[in-house]
1. Highest mean first, what order results for 87-93, 46-52, 155-161, 212-218 on Cβ atoms within 10 Å?
2. About the Cα centre, and with charges only on the beta carbon of Lys, Arg (+1) and Asp, Glu (-1), how big is the dipole of the stretch 64-186? Nearest 20 debye, please.
3. Under 9 Å from the Cβ of residue 126, count the other residues' Cβ atoms, weight Lys and Arg +1, Asp and Glu -1, and hand me the total.
4. Net charge near residue 43, counting Lys/Arg +1 and Asp/Glu -1 over other residues with Cβ under 12 Å of its Cβ?
5. Send over the per residue convex hull volume for the stretch 76-135, Cα only, as a whole number of Å³.
6. Where nothing but the Cβ of Lys and Arg (+1) and of Asp and Glu (-1) is charged, how large is the charge dipole of the stretch 151-246 around its Cα centre, in debye to the nearest 20?
7. What does the charge dipole of the stretch 24-98 about its Cα centre add up to, to the nearest 20 debye, if the Cβ of each Lys and Arg holds +1 and the Cβ of each Asp and Glu holds -1?
8. Cut-off under 15 Å on the C-alpha distance; same-chain residues fewer than 8 positions from residue 107 excluded. Which aspartates and glutamates are left, in chain and number order?
Amino acid sequence: MADDSSEPPLPNSMTSTMNPYELLGIIHNPTTDTLTRNSPNPITNSNDDPDTKDIELNPKNKTWIRIFRPSESQHNHEQLLPLIIYFHGGGFILRNANSTIFHNFCKSMANQLSAIVLSVEYRLAPENRLPAAYEDAVESLIWVQNQALDTINGEPWLRNYGDFSECFIMGCSAGGNIAYNSCLGPSELDLEPMKICGLILNQPYFGGLERSESELRLVDDKYVPLIVNDLMWELGLPVGVNRDHAYCNPFVVGVGDNLERKLRFIKNV
């Protein structure tokens, strides 16, 4: 359990009687720090789509990458396509790269943007608390670099269609947090000939001990009420820290230098 003992209490009018475990469809097993996940999670098999394939990333960590290419009707074979390395949402604790909602989203991006999309299956918390997902993210970037370096045996979809000089890191919600924080690794790595040209954050998931105006206003939001938001952070962050940890709050003391270095890295590539 994260230590939020220093957290300012909510006003009585802002407290909630909702059960966040029931809302998320999960049961926490504190002895093993694992989750039983009972919430619906429809998945799509990559074998059902000729323009989608799954590639193993790290067998030990059971991570992999789902690659999407534009359909034949959407692809100009004379033009190399930008690469989008994508991290899905789910509060660090739910969903997967093969979840239908994210599969359909990535397929739509590949077709509408004429891009190769690489959706990363990263490790979930609390079984693998942060920074495990960040480590998986950086490992996926190194994997892409290796494909660029191996011009003979590299992944053929990337070798034949991908432009390694035009790569973007993207994430939604918790995936936006992962995309943001994973840039700290590449800023200290030589990823040539791969070049990161942009960071795309779709409603990135951050927070802090001090409640924001929107958190207080949406305390009983029907999609992500504040009590659910707090629980996801509690299960995702390292044991014993609160929401002013650097993984959660990018504005805490000491993080500014990392942010400046990260922005400088993106600007210079």
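1. The peptides rank, most packed first, as 87-93, 155-161, 46-52, 212-218.
2. It comes to approximately 340 debye.
3. Result for the local shell: -2.
4. Net local charge, residue 43 excluded: -1.
5. 79
6. For this selection, approximately 160 debye.
7. For the stretch 24-98, the charge dipole is close to 360 debye.
8. The reachable aspartates and glutamates, counting only those whose Cα sits under 15 Å from residue 107, are 48, 49, 51, 54, 72.
Bear in mind that the values in this text are calculations on the coordinates, not laboratory data. Because the structure is predicted, anything quoted here is derived from the model rather than measured. Methodologically, a virtual Cβ is constructed for each residue, glycine included, from the backbone with ideal geometry; neighbour enumeration extends over all protein chains shown.
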